[in-house]
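Take a look at the structure below.
The values are calculated or read from the model by the stated rules, or taken from the named source; none is laboratory data. Predicted model only: the values in this text are computed from it and were never measured. All Cβ positions, even for glycine, are placed from backbone atoms using ideal geometry, and neighbour counts span all protein chains on display.
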Amino acid sequence: MIPILLRLGPVHLFGHPLTLTIYSYGLMMALGFIAADLVIAADCRRRGIDPDYATAVVLWSAVGGLVGARLYDVFDNWRLYMADPIAIVFSGSGFVWFGGFLGGIVAAYFVARHYRVSFGVTADMCGPALAIGQALGRIGCHLSGDGDWGLPSTLPWAVAYPKAIVGWGPQTVLKLGPHHTLVSGYFAGVRVHPTPIYEAILYTGVFVVLWSMRRRGGVPGRIFYLYLVLLGACRFMVEFLRINPRVLWGLSEAQLIAIAMMVIGVVALGLTGGLFTGWIGQEADERSPQSVRAAAGG
């Protein structure tokens with residue numbers, strides 16, 4: 001676990017000391033965006049779309065994702081933000097992945113409209129890119145110790161996060177108490193489930209599956225629907241080991257959202273040919289009229 005990779009400085013500029021700090025989480029996030037760009041660009045070339053479209057999708061989806069993540073957290077913690085609204089601007093915490101996911105989808109939709117590329121095709125290209133980007137992001141969570149770890153564990157691969165950027169102690173090492181409440185699980189030598197690593201492995205597997213299926217989607221959108229099903233299933237399972245509060249039926253808020261993702265994905269796949277059927281041959285040409293127009297600059 002290495003929260004800070006490099007610190008340069010201080011350098012005095014106009015009488016003020018400045019220090020450049022490179023955080024492991026920020027580096028892995030950047031690598032996640034680069035990987036997503038490369039994945040989408042490769043699929044753009046296969047479909048006959050200008051690869052520069054990939055950069056536009058990743059860039060604006062990242063912006064939309066940051067806005068969506070912050071807005072989701074504001075609504076999820078409305079009383080907290082009403083008590084101190086300035087925290088919205090200056091707080092570095094409070095970014096929720098599901099909010100970022102929704103914000104990124106909205107941004108990608110408008111980018112697709114601007115470039116006149118089918119949104120279904122765009123979503124299919126984004127599915128594998130999201131999976132590999134999330135895998136790299138979770139490695140960043142592990143390296144920084146941002147609190148995404150799991151419950152105390154005695155398994156051989158359980159780890160401690162003594163240098164965690166959010167702290168390591170009674171307030172951050174938690175376990176499930178009576179009535180599904182979270183209570184302190186800290187004691188000397190405690191170790192926990194490295195759930196960020198679990199997620200990184202699972203999301204890498206999702207990427208491999210989606211990437212291998214990218215030529216077989218058939219109806220635009222099916223690869224993305226499969227992404228919803230697989231990603232939702234992975235998050236639902238890992239959430240049993242994470243230290244998030246249980247809000248309904250012994251499930252966390254993230255699990256309820258994951259269930260919604262799986263239901264939407266399964267229903268959408270059913271309407272477009274079926275979950276296990278409706279996939280076309282591996283070598284079929286997937287170029288759409290919208291893709292051809294985009295490739296021609298139309």
Inset, instruction - Report whether or not residue 148 is charged (D, E, K, R), in contact (Cβ under 8 Å) with a residue 24 or more places away in the chain and closer than 24 Å to residue 49 by Cβ. - result: no
Inset, instruction - Determine whether region 217-238 contains at least one residue that is touching a Gly at 6+ places or on another chain (Cβ under 9 Å), more than 30 Å from residue 280 (Cα to Cα) and touching a residue at least 40 places away in the same chain (Cβ under 8 Å). - result: yes
Legend entry - Failed item, numbered, when residue 49 is tested on (1) outside any strand (DSSP E or B); (2) out of contact with any Ser or Thr (no Cβ under 8 Å at 6 or more places or on another chain): (2)
Legend entry - Evaluation of residue 55 against (1) at pLDDT below 90; (2) of a type in the set (S, T, N, Q); (3) surrounded by fewer than 19 Cβ atoms within 10 Å (Cβ to Cβ) (one fails), failing number: (1)
Inset, instruction - Provide a single number: the residues in region 232-253 that are in contact with a helix residue (DSSP H, G or I) (Cβ under 6 Å, 6 or more places away or on another chain), buried (at least 18 other Cβ atoms within 10 Å of the Cβ) and of a type in the set (A, V, I, L, M, F, W, C). - result: 3
Inset, instruction - Would you point out the residue of region 8-28, among those that are surrounded by fewer than 17 Cβ atoms within 10 Å (Cβ to Cβ) and within 22 Å of residue 136 (Cα to Cα), that is modelled with the lowest pLDDT? - result: 21
Inset, instruction - Tell me which of these residue 227 doesn't satisfy, since it passes every other one: (1) crowded, with 16+ Cβ neighbours inside 10 Å; (2) over 22 Å from residue 38 (Cα atoms); (3) of a type in the set (Ser, Thr, Tyr). - result: (2)
Inset, instruction - Would you confirm whether any residue within region 186-209 is crowded, with 17+ Cβ neighbours inside 10 Å, assigned to a loop (DSSP other than H, G, I, E, B) and basic (Lys, Arg)? - result: yes
Inset, instruction - Check whether at least one residue in region 265-272 is assigned to a loop (DSSP other than H, G, I, E, B) and either buried (at least 18 other Cβ atoms within 10 Å of the Cβ) or without any contact (Cβ under 8 Å) to a residue 60 or more places away in the chain (or both), and report yes or no. - result: yes
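Each row is one residue, and each column tells you yes or no for (1) part of a loop (DSSP other than H, G, I, E, B); (2) touching a residue at least 24 places away in the same chain (Cβ under 8 Å); (3) within 25 Å of residue 243 (Cβ to Cβ); (4) among the acidic types (Asp, Glu).
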| position | (1), (2), (3), (4) |
| --- | --- |
| 108 | no, yes, no, no |
| 122 | no, yes, no, no |
| 138 | no, yes, yes, no |
| 154 | yes, yes, yes, no |
| 165 | yes, yes, yes, no |
| 168 | yes, no, yes, no |
Inset, instruction - Could you check how many residues of region 251-284 are closer than 30 Å to residue 196 by Cα and at pLDDT 85 or above? - result: 19
Inset, instruction - Return only the number of the condition from (1) more than 13 Å from the chain's Cα centre (by Cα); (2) in contact (Cβ under 8 Å) with a residue 40 or more places away in the chain that residue 208 does not satisfy. - result: (2)
Inset, instruction - Would you confirm whether any residue within region 285-293 is at pLDDT 90 or above and assigned to a helix (DSSP H, G or I)? - result: no
Legend entry - Criterion violated by residue 199 - all others in (1) at pLDDT below 90; (2) touching a Cys at 6+ places or on another chain (Cβ under 8 Å); (3) acidic (Asp, Glu) satisfied: (1)
